[in-house]
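Report on the following structure.
The values are calculated or read from the model by the stated rules, or taken from the named source; none is laboratory data. Computed from a predicted model, the values in this text were never measured in an experiment. Cβ coordinates were reconstructed from backbone atoms using ideal geometry, including for glycine residues, and neighbour counts include every protein chain displayed.
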Amino acid sequence: MNKPVAPAAAERQPTDWNSPAMQRRIRRRYAAERRFRVLGAGAVILSAAFLGFLLFTMVAQGWRGFTTTELALPIDLHAAGFHVERARLNTPAADLALASAGLEDAVENAATSAFGPDGATLIAPSAWTVLRAAVKRDPAILERRTVVRVPASTAFDRALAGEGTPAMKATVARLQRAGMVVRGFNWTFLSESDSTDPVAVGIWGALKGSLLTMAITFLIAFPVGVLSAIYLEEYAPKNRWTDLIEVSINNLAAVPSIIFGLLGLAVFLGTWEIGGRVFGPMLPRSAPLVGGVTLALMIMPVIVIASRNAIKGVPPSIRDAALGIGASPIQVVFHHVLPLAMPGILTGTIIGMARALGETAPLLLIGMRAFIVTPPDGVTDPATVLPVQIFLWSDEVSRGFVEKTSAAILVLLAVLLAMNGLAIYLRNKFETRW
């Protein structure tokens, strides 16, 4: 049986766009397009709503972490019989001399005299350190009556926010009417380190540890990752070994971060026995150096993959033109291919560094969760980082650490945005240049 033959092109009838069937098909297409647009806009709005809710929650809970409540404490150390030799205030033993003379007891007695029988519970444990610093700045305070602004206790601050007991709220109202309550910006939160008192905690130690760790991470991961990508894409022969390396790099990019923490713990902090001799850890524990090296190993596959894709995206005509005018192969790579691929390379670096900045699990394994009260002076000093500090504060039972946790999250987001902004600026600069 012969198959029907399609009519020639000249014999075909033109499409009847006005037919009911064609109109229904057109309406269905337009309806599908409208549904797609509505779904896309809805997805964007939903994402923006979640982001806005997150930011609103963090700001609502964390803005008080950037403020402090202080009490105007009148005190007369001379009348209270407090005495210390002024000559000792200019020596390294000044803190010990003031503490031995009973400065802390003098502060508590002054609070009881000024605020009532429960006055000692209204001031923070760090109140006497504030007076100690004031005495060291101006020794004349020892001879006259003065008013010192000391930090209020956590219970007083929570009552000021409306969360305390009725008795504490009444005390807050009484001191507010007397003009003894002062609210201001909490510079201590930005200049101090961790503490057991939520009134005296700060994020500078953790922030400095994060910056040192990120510096080590970048200095190791960026050059090694980019050079590895250049070699694999431009110079490495295409054989089974390079294929194995490529598969391994892709698999490493998907390995959970805690595995890299175990790697850092075993390699950099483990002990080794060679020839009967036991060697100690290669790197110091809880230091930004070991944290930076561990995070560099974690983000290096991401940088290698992004850099290879960026280099591969450079048109071959660029290479041919450079070779045609006499450039050497290495000049082609570093004078033409690499600058053109730099925007994509920086994009991969942004992703990797952002992931490293927010990591907690690998740093917990290598010991960067210690209670650090002194900011690190170098990459080998004990330190912690912002994500770990946030984790530790979120586990505290004191209510005063809640707002400090949210405030630290805001600082972490600000650092992340600043780092990404710098990388985007550099990326746009290279794009404008080329």
State which residue pairs qualify: first residue within 17 Å of Pro117 (Cα to Cα) and inside the range 164-180, second residue surrounded by fewer than 11 Cβ atoms within 10 Å (Cβ to Cβ) in any location, beta carbons under 8 Å apart, and separation of 6 or more residues or different chains.
Lys169/Gly162
Within the range 334-361, the residues that are free of Cβ contacts under 8 Å to residues at least 40 places away in the same chain and either surrounded by fewer than 23 Cβ atoms within 10 Å (Cβ to Cβ) or farther than 15 Å from Ala306 by Cβ (or both) are Phe334, His335, His336, Gly344, Thr360
Tell me whether the range 190-200 contains one or more residues that are farther than 30 Å from His336 by Cα, part of a helix (DSSP H, G or I) and not assigned by TED's automatic domain parsing to the domain that holds Ile345.
yes
Being farther than 15 Å from Val201 by Cβ and assigned to a helix (DSSP H, G or I): is that true of Pro362 here?
yes
Within the range 413-427, is even one residue in a loop (DSSP other than H, G, I, E, B), in contact (Cβ under 8 Å) with a residue 60 or more places away in the chain and not aromatic (Phe, Trp, Tyr)?
no
Could you count how many residues in the range 298-318 are within 25 Å of Ala215 (Cβ to Cβ), hydrophobic (A, V, I, L, M, F, W, C) and either crowded, with 21+ Cβ neighbours inside 10 Å or in contact with a strand residue (DSSP E or B) (Cβ under 6 Å, 6 or more places away or on another chain) (or both)?
8
Filter pass, Arg158 being crowded, with 19+ Cβ neighbours inside 10 Å, among the charged types (D, E, K, R) and more than 22 Å from the chain's Cα centre (by Cα)
yes
Please specify each residue of the range 195-206 satisfying the condition of being closer than 25 Å to Leu289 by Cα, surrounded by fewer than 21 Cβ atoms within 10 Å (Cβ to Cβ) and out of contact with any helix residue (DSSP H, G or I) (no Cβ under 6 Å at 6 or more places or on another chain).
Ser195
Of everything in the range 381-434, what is over 17 Å from Leu207 (Cβ atoms) and among the charged types (D, E, K, R)? Give them in sequence order.
Asp395, Glu396, Arg399, Glu403, Arg427, Lys429, Glu431, Arg433
Give the residues of the range 409-428 that are farther than 15 Å from Phe56 by Cα and either touching a helix residue (DSSP H, G or I) at 6+ places or on another chain (Cβ under 9 Å) or surrounded by 17 or more Cβ atoms within 10 Å (Cβ to Cβ) (or both), sorted by residue number.
Leu412, Val415, Leu416, Met419, Asn420, Ala423, Ile424, Leu426, Arg427, Asn428
Looking at the structure I just gave you, is Val247 surrounded by fewer than 18 Cβ atoms within 10 Å (Cβ to Cβ), in the same structural domain as Ala383 (by TED's automatic domain parsing) and assigned to a helix (DSSP H, G or I)?
yes
Which one of Glu246, Glu273 is modelled with pLDDT of 85 or more, of a type in the set (Asp, Glu) and out of contact with any Gly (no Cβ under 8 Å at 6 or more places or on another chain)?
Glu246
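Every residue, every condition in (1) in a helix (DSSP H, G or I); (2) farther than 15 Å from Trp128 by Cα; (3) outside the structural domain of Val148 (by TED's automatic domain parsing); (4) touching a strand residue (DSSP E or B) at 6+ places or on another chain (Cβ under 9 Å), yes or no:
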position: Ala72; (1), (2), (3), (4): no, no, no, yes
position: Ile75; (1), (2), (3), (4): no, no, no, yes
position: Ala79; (1), (2), (3), (4): no, yes, no, yes
position: His83; (1), (2), (3), (4): no, yes, no, no
position: Asp95; (1), (2), (3), (4): yes, no, no, no
position: Leu98; (1), (2), (3), (4): yes, no, no, no
position: Asp105; (1), (2), (3), (4): yes, no, no, no
position: Glu108; (1), (2), (3), (4): yes, no, no, yes
position: Ser113; (1), (2), (3), (4): yes, yes, no, yes
Over the range 112-126, the set of residues in contact with a Leu (Cβ under 8 Å, 6 or more places away or on another chain) and closer than 13 Å to Asp157 by Cβ is Leu122, Ile123
Return the residues of the range 138-154 that are closer than 29 Å to Arg64 by Cα and surrounded by fewer than 20 Cβ atoms within 10 Å (Cβ to Cβ); say none if nothing qualifies.
Thr146, Val147, Val148, Arg149, Thr154
Note down all Cβ pairs under 6 Å where the first residue falls in the range 75-100 and is free of Cβ contacts under 8 Å to residues at least 12 places away in the same chain, the second is in a loop (DSSP other than H, G, I, E, B), and they're at least six residues apart or on different chains.
none
